[in-house]
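Please read the structure below before turning to the comments.
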């Protein structure tokens, strides 16, 4: 609920004082009045109003002296000065002392209304999260929910032993962050952390990516290449989207996990494997096993210990901390300087269900930060971005393909960067060649080109 606007009016004209008090009370404002400078100053100190309407010529201390006292004591209050005397010097003095605006008597109530509306819109929202860049760390798991605290405990326990771990959770919940935390809190933190997305590699190259290959073992193998298993050394091999492994490769992975050794494609030399395997999936592997899509023996080999990451909609108390952390991250990648996030905006984030989890939250925040025109992430910046579909009963009419969504987002970032490929690639966290390939594949073009 918005805080009620408080106004203090200081004027020795009792008729005007009474009229303004009645007018603003009818508008729903809290109003307090004083008919001299000393009483007015005490009232402002006591009530801490958002707005003060102050006559310049007052009994006791003058309006200018009152302004000076407010400035010296650091009291934040938008002060509208009123006077029957049109003197340039006093106008300049009042503005220099911090007056928000300066109106002449007789008061034009419509003009006074407009000035107060402008003053109120210029006041920072007091209930907000302050964004401070100091202490920012990449790849940090952020939250204070019970579910996340339990995951922290499990990370602490499992980081001490080199057991195989299966991390389950919806897309965008931060499975790789948990895998990295397991690695970097272990005694193998100085060893490599090698991540491989099993769904992102062409099937006929996946075996080579995992096991490596010898020179001449297949067309295009112009040199010997180490695979991910070998590069991982004594560190950690993270197999993301393990559910996407084809069945014939699942058999090879199973044999490899049993024997803890492997051969490069086209080779016959046994190579020992000393790293820990952490696998992740956004699908129900148990169900896949029952449907014959995933090997049961491999499933149990991977599931020595399982960590389930709950979706963001089930730990909404983590959203304020996540928003603050992600805005810090986005500030760094975009060059923007968002410093405040009002609680009204945070409440909008909490109300949303986040089907895309933290990844979706970061995407929405990136767009909101880019669209922001000052140092505050206003509620209006996020309302339209979080608008729910109007006809949920017919989702086929609303859903877009992955390529359409990717094209729309890349196009938006390119337009923001005025098609500066280097800057856009930094924001998207991809290389320039990758971005150029996507621009070509998605048939994107700069408007006006």
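Bear in mind that the values in this text are calculations on the coordinates, not laboratory data. For clarity, every value in this text was computed on a predicted model and none was experimentally measured. So basically every Cβ, Gly included, is an ideal-geometry build from the backbone, and we count neighbours across all protein chains shown.
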For the chain, longest principal axis from Cα atoms; helix 63-72 axis from its Cα atoms; angle between them, nearest 10 degrees, is 30 degrees
If you line up the long axis of helix 146-158 against the longest principal axis of the chain, both from Cα atoms, how many degrees apart are they, to the nearest 10?
40 degrees
The range 231-269 and the range 299-328 have their Cα centres apart by a whole-number Å value of 27 Å
When semi-axes √(5λ) of the Cα gyration tensor in Å is calculated directly from the model, which label among [x] 41, 24, 20; [y] 36, 25, 21; [z] 63, 23, 20 fits?
[z]
Label-point separation in nm, residue 152 to residue 431, each point 7 Å along Cα→Cβ
3.7 nm
Rg (Å, one decimal) plus Dmax (Å, integer) for the alpha carbons of the range 6-123?
12.7, 35
On a 0 to 90 degree scale, rounded to 10, what angle separates helix 109-122 from the longest Cα axis of the chain?
30 degrees
Roughly how many whole Å is it from the C-alpha centroid of the range 403-422 to that of the range 195-216?
30 Å
